[in-house]
Amino acid sequence: MDHRTPPGNIAPHMPAADWQRAQATGQPVVVLNDTHPAGIPWRRLLIPFAIAGAVVAGGWGLVACLCLLLDAAAHTATVIAGAAGPLGIGGITLKLARSKTT
């Protein structure tokens with residue numbers, strides 16, 4: 001049996017028996033290059049988790065901003081009510097805030 005290097009640009013991992021059978025019978029040789037790495041595709045798993053983490057962090061940021069705005073609004077309403085004094089409409093007087101002096 002004659003051992004020859006296949007001519008042209010052929011995949012070096014093709015078994016010699018397949019090459020010799022193709023030469024003898026005239027069959028075409030189909031070479032499939034499978035470049036998928038073995039194991040778990042980490043990038044495919046990590047990208048959705050990274051996006052979900054960013055969404056969760058953004059949601060907590062929005063909640064914190066809403067709490068800060070509500071706190072500021074409550075303090076503002078308290079200051080305005082304390083400065084305005086009692087509010088009266090149609091004979092009903094409503095004291096909006098307690099005074100510091102009793």
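The values are calculated or read from the model by the stated rules, or taken from the named source; none is laboratory data. Remember, predicted model here, so these are calculated numbers, not experimental data. As a convention, Cβ positions derive from the backbone with ideal geometry for all residues, glycine included, and neighbour counts pool all protein chains shown. Keep in mind that these areas ignore ligands, DNA and RNA; they rest on the heavy atoms of the full protein, side chains included. Shrake-Rupley method; radii C 1.70, N 1.55, O 1.52, S 1.80 Å.
Observations on the model:
The rows are residues; the columns are (1) hydrophobic (A, V, I, L, M, F, W, C); (2) surrounded by 10 or more Cβ atoms within 10 Å (Cβ to Cβ); (3) in a helix (DSSP H, G or I); (4) at positive phi.
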residue: ILE40; (1), (2), (3), (4): yes, no, no, no
residue: ARG43; (1), (2), (3), (4): no, no, yes, no
residue: ILE47; (1), (2), (3), (4): yes, yes, yes, no
residue: GLY53; (1), (2), (3), (4): no, yes, yes, no
residue: GLY59; (1), (2), (3), (4): no, yes, yes, no
residue: LEU68; (1), (2), (3), (4): yes, yes, yes, no
residue: ALA77; (1), (2), (3), (4): yes, yes, yes, no
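- Across the stretch 16-38, the qualifying residues are those that are open to solvent by less than 100 Å² (accessible area, probe 1.4 Å) and hydrophobic (A, V, I, L, M, F, W, C), and the one among them that is modelled with the highest pLDDT is ALA24.
- For the stretch 2-15, the criterion of being surrounded by 10 or more Cβ atoms within 10 Å (Cβ to Cβ), modelled with pLDDT of 80 or more and of a type outside the set (Gly, Ala, Ser) is met by none of the residues.
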